[in-house]
Amino acid sequence: MAGKKKIPLVWKIAIGFVAGILAGVAFGEKISVIAPVGTIFISLLQMLVVPLVFSSLVVGTASIGDPLSLGRVGIKTLVLYLVTTAIAIAIGLTLGNIINPGAGMGLGADLSAFQIPTPPKIGQVIIDLFPKNPVASMAQANMLQIIVFALFLGMAAIFAGEKGKPLINVMDSLAETMYKLTGMVMQVAPYGVFALIATTVAKYGISVMAPFGKVIFAVYLGCFLHAAIVYSGLLTIWAHFSPLRFFKGVQEASIMAFVTRSSGATLPVNMRVTQENLGVSEKIASFVLPLGATINMDGTALYQGVCALFVAQAFGIELSIGAQLGILLTATLASIGTAGVPGAGLIMLTLVLTQAGLPVEGVGLLAGIDAVLDMARTSINITGDAAVAVVVAKTEGELRDVTKTA
Ligand code: ASP
């Protein structure tokens, strides 16, 4: 054997993951002393998001060039996002009907400690798309507003002709530097993953999760099916892309989403692996992925489908087919409005329950195990964005063959 072979990063992350589970089980709550390591790692990832999304989206928009093809890419992306989300909810509802996660739930659970959040209004979500002050949007890491501003700016830079070019060059340089920085931050990922997973395992022991076994099973099974059937089908049919190669290429981002429970924090990693391992061009990745991390939440949508049925069953309420179709609609909208941060899906579940006439108190039942459900749904949220990016890239002739270098 010649020389020392470097262990690939994804292996190191996997080792951190498994070691974290073992440490969480072995040391229990005592492991919380290492919690700051996980917190710092998430902060480092979040540090990348605003400059990376902003700069790469300005460059992406400018390089797509004419508003016509920008519109075509935009429509394709939105349609794929909407359709996959609706299918995810349908899978969630179907599993909710088959598995009956809420049947026989003792409602003795203590709901009093849970503060019920006010569900956001759908109309307000649209108004809030438009930034009053782009600097404030960035300071608050308001992704949708940053996306809208970056799209406008990228287009305006093109219309500005020669004068707009230096701006695009600066943004290009910033984006490249941010990708480099993402690579640097990822070097500490194995330690961050170790700390995050160890503290989560220690906090959510089997005893906490046992009464919710069926709902956890339904959400995890649904996420697995959605990836295995919907993404594999999408990639095979429309992109002639091997699903195995896809899941292998995207795994770093999927694991990162699982442990950070944040689409936003995982976005820089997803942008890197989608380009480097899957061959999506920068212009497609920089447009499709930030949009997806913000509005495309298949895992969250699926979870909302399962949970709506869980709550109905737990409270002994019969849901008609019509009511379930209503849930399909509101959960699609709710998942679009869900922020890519940990636990946001639980808050948006209040919207779905309210619209369906179900008791909002049900959210309190689920709050105790939300982190466990959030891991699976965030992982699917991010994986779904990458799958759509590959399909859009393929249909736009923007997919490089990386098999020779991967
Ligand atoms: N944590 C999820 C995400 O960042 C959102 C959710 O809570 O469903 O994608």
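For the stretch 373-382, the condition of being buried (at least 19 other Cβ atoms within 10 Å of the Cβ) and either over 18 Å from Leu225 (Cβ atoms) or at pLDDT below 85 (or both) holds for at least one residue.
Taking the conditions (1) more than 16 Å from the ligand (Cβ to nearest atom); (2) closer than 27 Å to Ile98 by Cα in turn, Ala218 satisfies each one other than (1). Which numbered condition in (1) closer than 23 Å to Val269 by Cβ; (2) within 10 Å of the ligand (Cβ to nearest atom) is the only one that Leu346 fails? Among (1) closer than 23 Å to Val269 by Cβ; (2) within 10 Å of the ligand (Cβ to nearest atom), the lone unmet condition for Leu346 is (1).
To keep it simple, each residue is scored yes or no on (1) free of Cβ contacts under 8 Å to residues at least 40 places away in the same chain; (2) exposed (fewer than 13 other Cβ atoms within 10 Å of the Cβ); (3) β-branched (Val, Ile, Thr).
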| position | (1), (2), (3) |
| --- | --- |
| Lys12 | no, no, no |
| Gly16 | no, no, no |
| Glu29 | no, yes, no |
| Ile34 | no, no, yes |
| Ile42 | no, no, yes |
| Val53 | no, no, yes |
| Val58 | no, no, yes |
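Report, by residue number, each residue of the stretch 214-231 that is surrounded by 18 or more Cβ atoms within 10 Å (Cβ to Cβ) and under 20 Å from Val391 (Cβ atoms). Answer for the stretch 214-231, where residues must be surrounded by 18 or more Cβ atoms within 10 Å (Cβ to Cβ) and under 20 Å from Val391 (Cβ atoms): Cys223, His226, Ala227, Val230, Tyr231. Count of the stretch 368-406 residues, restricted to those that are within 20 Å of Ala339 (Cβ to Cβ), of a type in the set (Ser, Thr, Tyr) and without any contact (Cβ under 8 Å) to a residue 40 or more places away in the chain, is 0.
Looking at Val273, Val269, Val341, Val363, just one residue is more than 17 Å from Leu78 (Cα to Cα), touching a Gly at 6+ places or on another chain (Cβ under 8 Å), within 16 Å of the ligand (Cβ to nearest atom) and not small (Gly, Ala, Ser), and that residue is Val341. Set side by side, the residues Leu289, Leu351 differ, and just one is more than 10 Å from the ligand (Cβ to nearest atom), touching a Pro at 6+ places or on another chain (Cβ under 9 Å) and within 26 Å of Ile147 (Cα to Cα), which is Leu351. For the stretch 314-337, state whether one or more residues are near the ligand (Cβ under 10 Å from one of its atoms) and more than 23 Å from Lys248 (Cα to Cα). Yes: one or more hits.
The set of residues from the stretch 361-406 being touching a helix residue (DSSP H, G or I) at 6+ places or on another chain (Cβ under 6 Å) and outside any helix (DSSP H, G or I) comprises Ile369, Glu398, Leu399.
Once the stretch 141-179 is narrowed to residues that are at pLDDT below 90 and not in a helix (DSSP H, G or I), the residue that is surrounded by the fewest Cβ atoms within 10 Å (Cβ to Cβ) is Ala141. Across the stretch 113-139, what is the total count of residues that are in a loop (DSSP other than H, G, I, E, B) and either modelled with pLDDT of 75 or more or more than 25 Å from Glu361 (Cβ to Cβ) (or both)? Of the residues in that region, 6 qualify.
The values are calculated or read from the model by the stated rules, or taken from the named source; none is laboratory data. As the structure is a prediction and not an experimental result, all values here were calculated from the model. Cβ atoms come from the backbone with ideal geometry, glycine included; neighbour counts cover every protein chain shown.
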